[in-house]
Amino acid sequence: DFTGVASTKHGPMKPITLTAKGDHPATRRLPAGYSTEKTELYNNHYITEGVEPLLYGKQGKTEAIVMWRVQRGDGQIVGLTLGHAQPEWSDPAFLQLLTDTVDWLARP
């Protein structure tokens, strides 16, 4: 419950097409129509109250929230179910997403 989204399983190792929900500073520089390398799409078994989806991922006909934010007390949590496959860590778009997310969380 703390992170806002729970997963119980994932799909196959295939690319995931990402779509930003709204215009959030953490996702604003992600290229439109961006697809990951081969990785696993985790399901959204349940979503707690207050979760704001930031990115949706689609793999075949299956879609799930892959990045979200949720307020917990005085703090913000950003959840991300990407980054399990090694090729993602050398992808400039993925690294920019991480940088923009940390920058947004660290803002004054």
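Brief remarks follow.
- For the range 58-92, a residue qualifies if it is at pLDDT below 95, aliphatic (A, V, I, L, M) and open to solvent by 20 Å² or more (accessible area, probe 1.4 Å), and exactly one does: ILE77.
- Of all residues making up the range 8-32, the number that are open to solvent by less than 70 Å² (accessible area, probe 1.4 Å), closer than 24 Å to VAL102 by Cβ and over 13 Å from the mean Cα position of the chain (by Cα): 3
- Number of residues in the range 33-53 that are of a type in the set (A, V, I, L, M, F, W, C) and within 19 Å of VAL102 (Cβ to Cβ): the value is 0.
- Listed by first and then second residue, the pairs with beta-carbon distance under 9 Å, at least 6 apart or on different chains, first residue in the range 1-21 and farther than 23 Å from GLN86 by Cα, second among the charged types (D, E, K, R), are PHE2/ARG72; THR3/ARG72; GLY4/GLU49; GLY4/GLU52; GLY4/ARG69; GLY4/ARG72; LYS21/GLU52.
The values are calculated or read from the model by the stated rules, or taken from the named source; none is laboratory data. Computed from a predicted structure; not experimentally measured. Quick reminder, even Gly has a Cβ in these numbers, built from the backbone with ideal geometry, and neighbours come from all protein chains shown. Protein only, heavy atoms only, side chains kept; ligands, DNA and RNA dropped before computing areas. Shrake-Rupley method; radii C 1.70, N 1.55, O 1.52, S 1.80 Å.
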